[in-house]
Amino acid sequence: MSKDTENNVPDNNDDRIHPNPHDRGSARIFKVNIDESELDSNIMPEKPDYKGEVYFINHKRDEHSINTREKSGSYSAVNGKSSTKKKKKRLSSKSFIITIVSIIVVATILLSTLALSCFNDILPTTNRSDAQVLVKIPNNATTSQIIDMLDENGLIKQRTFCKLFMSIMKRMEHLSSEPVYLGGTYYVSQSMGLERMINEFKEEQTAAKTVTLMFPEGWTIYQIFNKLEHYEVCKADHLYTAIDDIIDSYDFTSKLGDIDGRYSPLEGYFFPDTYEFYVGENANSVLKRFLDNFKEKWTDEYSERAKNLGLSIDEVINIASIIQKEAADIEQMSLISSVIHNRLDDPVNFPTIDCDSTYEYISNYVAPIAGNTKASALMQTYNTSICVRLPADPICSPGIDAIYATLTPADTDYFFFQHDKSGKIYMAKTADEHENNSLAVAKSNSDMNNDD
């Protein structure tokens with residue numbers, strides 16, 4: 001190593017340094033000058049122990065550094081536009097999210113409301129009105145037609161859904177054909193729900209609870225309907241309303257003729273028997289049970305015998321109803337039948353059949369429902385002491401014995417009969433004999449009163 005080179009090597013206190021200490025022979029000498037006058041002594045950190053490092057202090061930003069940073073996008077003046085765009089983008093995203101959420105909430109509410117309305121139509125519920133609505137179902141109606149009628153009467157709200165539901169139920173029950181619906185008048189309400197309403201109209205109903213009731217001979221419609229209502233089978237007023245719609249469904253009732261003068265067109269046709277009903281059964285189905293039973297009990301032999309006597313079915317039931325009320329027992333029925341037939345066959349001498357039971361029918365069973373004014377008017381067509389021949393319609397439901405007695409009266413010359421309190425019958429051919437029998441009846445009743 002030369003002397004000159006040795007002289008150029010700085011000592012530890014020299015301000016000059018080599019950029020590359022491993023290449024001292026060829027390296028140029030750089031000097032770093034630090035102007036301590038520009039330093040702020042108040043903010044300068046305490047210098048660490050010097051170990052040969054080079055320390056720099058930040059100067060105030062000059063214009064060049066600002067421009068450089070502006071170009072690089074780091075300066076807030078330029079970056080402000082980018083920040084504004086980002087904020088607008090964030091606001092736009094929030095608005096979009098809020099809109100989507102609002103749509104979802106509204107759609108959920110609407111779908112929930114629709115679903116609730118659909119199920120309210122199908123199932124019984126207390127949320128719907130229980131007001132009774134009168135609906136007339138035509139014969140041979142289909143499920144779809146009935147649902148349309150329910151919609152028109154305000155009983156359902158979702159007609160399309162109801163039709164779809166009934167179609168699904170039909171498939172689930174593996175039904176190959178439409179249910180058979182019984183035409184007539186029905187009282188139904190929204191609170192019943194579609195399934196129960198549809199079941200009301202079916203000819204064959206289904207219910208969980210049944211009740212077995214016995215109706216004796218001689219009962220009137222008034223008594224029969226009250227019993228049905230008492231045992232919760234059907235309301236009496238629903239039964240009265242349904243009568244007019246079922247009359248034409250049977251041959252023997254469709255031939256009744258003018259029914260305007262009749263208090264109850266089907267009186268006499270509720271055949272006395274024991275029946276099983278559903279609790280809450282519809283009125284048309286109840287009436288059909290009685291009339292089907294009557295149809296079964298009325299034989300071709302009865303029709304042939306009535307024809308030979310010159311009587312219609314209605315006239316036979318009318319006479320039988322009077323016999324049922326007048327006879328104290330079965331043995332008396334044929335005798336009373338002979339008196340009625342004899343008087344009907346001699347209208348010149350006996351224009352009326354003069355039986356007290358026809359008067360009592362109006363006073364005891366019609367007046368409590370129709371009122372005294374209506375009852376007084378009906379006396380003109382029911383009271384056989386006033387009206388000619390038979391009353392306007394039967395006065396009760398006769399049993400098979402009374403019907404048979406009507407068709408096979410005893411062969412007698414009697415035109416009068418009466419009973420004492422014990423039920424003993426007194427027959428007479430003439431008015432004088434009848435008067436004498438009246439004295440005998442009075443004496444018998446007096447004796448029984450004294451014995452009491």
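Taking a ≥ b ≥ c as the square roots of the eigenvalues of the alpha carbon gyration tensor, region 343-395 is prolate, as a/c is not under 1.5 and a/b beats b/c.
Going from the residue with the fewest nearby Cβ atoms within 10 Å to the one with the most, 319, 353 rank 353, 319. What FRET efficiency, computed as 1/(1 + (r/R0)^6) with R0 = 60 Å and r the Cβ-Cβ distance, is obtained for residue 374 and residue 98, rounded to the nearest 0.05? For R0 = 60 Å, the calculated efficiency reads 0.25. For region 303-451, averaging the sequence separation of C-alpha pairs within contact (under 8 Å, six or more residues apart) and dividing by the residue count gives a relative contact order of 28 percent. Taking other C-beta atoms within 10 angstrom as a stand-in for reagent exposure, 209, 325 fall in the order 209, 325, fewest first. Between residue 307 and residue 435, what is the FRET efficiency for a Förster distance of 30 Å, r being their Cβ-Cβ separation, to the nearest 0.05? Efficiency computed from Cβ-Cβ geometry: 0.20. Of the peptides 134-146, 286-298, the ranking by mean beta-carbon count within 10 Å, highest at the top, reads 286-298, 134-146. With the simple spin-label model, which puts each label point 7 Å out from Cα in the Cβ direction, the residue 408 to residue 254 separation comes to 3.2 nm. With R₀ fixed at 22 Å, the C-beta to C-beta distance from residue 130 to residue 276 puts the FRET efficiency at about 0.20. Residues 387, 355, 396, ranked from the fewest to the most other C-beta atoms within 10 Å, line up as 387, 355, 396. Is the shape of region 303-451 best called rounded, prolate or oblate, per the rule: a/c under 1.5 gives rounded, else a/b larger than b/c gives prolate, else oblate, with a ≥ b ≥ c the square roots of the Cα gyration tensor eigenvalues? Taking the square roots of the gyration eigenvalues as a ≥ b ≥ c, region 303-451 is oblate. Extension gain for the segment residue 240 to residue 329, taken as residue separation times 0.36 nm less the Cα-Cα distance, is 28.9 nm to one decimal.
Under the simplified labelling scheme, the residue 292-residue 175 pair shows an inter-label distance of 1.7 nm, with each label point 7 Å from Cα along Cα→Cβ.
Readers should treat all values here as calculations from the given coordinates under stated rules, not as data from a laboratory. Note that the structure is predicted; figures quoted are calculated from it, not measured. Cβ sites come from the backbone with ideal geometry, for glycine too, and all protein chains shown count toward neighbours.
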